[in-house]
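Okay, so here's the structure we're looking at.
Rule-based calculations on the coordinates, nothing more; no lab input. Not measured: the values here are computed from a predicted model. Cβ placement follows ideal geometry from the backbone for every residue including glycine, while neighbour counts extend to all protein chains displayed.
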Amino acid sequence: MRALRSDLWCGVFVRRHNDLGNMCVVSRRGDPIAGQVFIEVDHLDGTRSLFTPAPMASRQDDASLVFQRRFNRVEPPRVTERIDQEVNFDPDLWVLSLDLRGDDVGIEVIQ
């Protein structure tokens, strides 16, 4: 099975969270077909988390998007700096920004 296009996956993610009452926006548009997706979570308490794509070897299925937690509740500049480094390396990536008080982002996360 083929993976869902990045633009479609991001659109669904943003819509779902906004429907749940969480503020979610696309803060950086990448390649519409195969851009990597990063999710930046503002916990509304002065901390942020960052979820990045999991390594391919850890995925059960090529079609699903699986994430790893890169940072968990750290100061915002660390997350911003990491995203900037990744953009310099891969300008085709997407960044989704989500305001969420809890920890359930609604994605598959590997440990």
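Based on what the data block shows, is residue 89 closer than 17 Å to residue 111 by Cα and not basic (Lys, Arg)?
On the way: closer than 17 Å to residue 111 by Cα: no; not basic (Lys, Arg): yes.
In short, no.
Matching residues to (1) aliphatic (A, V, I, L, M); (2) farther than 19 Å from residue 108 by Cβ:
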site: 10; (1), (2): no, no
site: 13; (1), (2): no, no
site: 18; (1), (2): no, yes
site: 25; (1), (2): yes, yes
site: 29; (1), (2): no, yes
site: 75; (1), (2): no, yes
site: 85; (1), (2): no, yes
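Say whether the condition of being surrounded by fewer than 17 Cβ atoms within 10 Å (Cβ to Cβ), touching a strand residue (DSSP E or B) at 6+ places or on another chain (Cβ under 9 Å) and either touching a residue at least 40 places away in the same chain (Cβ under 8 Å) or closer than 18 Å to residue 5 by Cα (or both) is met by at least one residue in the stretch 70-77.
No, the stretch 70-77 has no match at all.
Within the stretch 100-111, take every residue that is surrounded by 12 or more Cβ atoms within 10 Å (Cβ to Cβ) and either touching a helix residue (DSSP H, G or I) at 6+ places or on another chain (Cβ under 9 Å) or of a type in the set (Gly, Ala, Ser) (or both) and give me the one that is nearest to residue 80 (Cα to Cα).
Among those that are surrounded by 12 or more Cβ atoms within 10 Å (Cβ to Cβ) and either touching a helix residue (DSSP H, G or I) at 6+ places or on another chain (Cβ under 9 Å) or of a type in the set (Gly, Ala, Ser) (or both), it is 100.
The rows are residues; the columns are (1) within 23 Å of residue 75 (Cβ to Cβ); (2) surrounded by fewer than 13 Cβ atoms within 10 Å (Cβ to Cβ).
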residue	(1), (2)
6	no, no
9	no, no
15	no, yes
24	yes, no
28	yes, no
33	no, yes
43	yes, no
47	yes, no
